[in-house]
Amino acid sequence: MGRKQVWDQADVLARAMRLFRHRGYLGASVRDIEEATGLHPGSLYRVFQSKEGLFCAALDAYNDQVVQGRVRAHLLERPDPVAGIRSFFTSTFETGLDPDPGCLLTNTAVESFAVPQAAAGVHQGLETIESGFADALTRACALGLLSADLDVEVSAARLLALYQGLLVLVRAGTPVTKLHTITDGAMASIGSDEEGQR
């Protein structure tokens, strides 16, 4: 009879998620993983089979908890969908005093050559965001906040590209004033004349 698992998998994935957000897949050694999760390699490999398996599980958890949570809060549930789109952008760099560790989804897309097994998770997360943009744009058009002639599909894809680029710039330490300017450009691309609140 096998030994009973005495650790919480959700907690382990949360710890691994934080490590990979800060270090990336390549930058996180097995020793780093062991220290971050509190587990010996044998336990990790027994459950996740490999470092890649743990990484993919952490990315799936990130999509479920962080990506879907942000999309829901900013793009699906905001009464003003245009303001929600802006806040979806600005919330990535208006994070207070603590430096943002970056988006695990974006970091993984950049690092995808190193962990091809994560491709499905990357595509799932990007599709979740693009779908959220499309939903917000559709509601904005219906409410008369944006032109009824707006091509929602093209605009959602454009916002996704701008958003991913913004996240890379956030991680690179780009000044907040420039990030606001980029956000203003994203809003202008959908025909919004809303002025950002500084």
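We did not get these values from a lab; they are worked out from the coordinates using the rules stated. Since the structure is predicted, the reported quantities are computational estimates derived from the model, not experimental observations. Backbone-built Cβ (ideal geometry, glycine too); neighbour counts: all protein chains shown.
With each run of n ≥ 4 DSSP H residues scored as -39500 (n - 2.57), what mean residue ellipticity at 222 nm is computed for the chain after dividing by its residue count and rounding to the nearest 500 deg cm²/dmol?
Values: 9 runs with 122 residues, N = 198.
Roughly -19500 deg cm²/dmol at 222 nm, from the helical runs in the chain.
In region 33-56, which residues have a backbone nitrogen under 16 Å from the label point lying 7 Å from Q124's Cα in the Cα-to-Cβ direction?
Zone members listed by number: 48, 52-56.
Report the calculated FRET efficiency for Q117 and T138 (r = Cβ-Cβ distance, R0 = 41 Å), to the nearest 0.05.
Working: r = 34 Å, r/R0 = 0.82.
After rounding, the FRET efficiency stands at 0.75.
With point charges of +1 on the Cβ of Lys and Arg and -1 on the Cβ of Asp and Glu, referenced to the Cα centre of region 84-147, which listed residue (Q124, G84, L104) lies farthest in the positive direction of the dipole?
Most positive-ward Cα: G84.
Measure nothing fancy, just the Cα-based angle from helix 119-142's long axis to the longest principal axis of the chain, in degrees from 0 to 90, nearest 10.
Value to nearest ten degrees: 20.
Take the Cβ-Cβ distance between R72 and T174 as r, set R0 to 30 Å, and report the resulting FRET efficiency rounded to the nearest 0.05.
Details: r = 27 Å, r/R0 = 0.90.
The formula returns an efficiency of 0.65 here.
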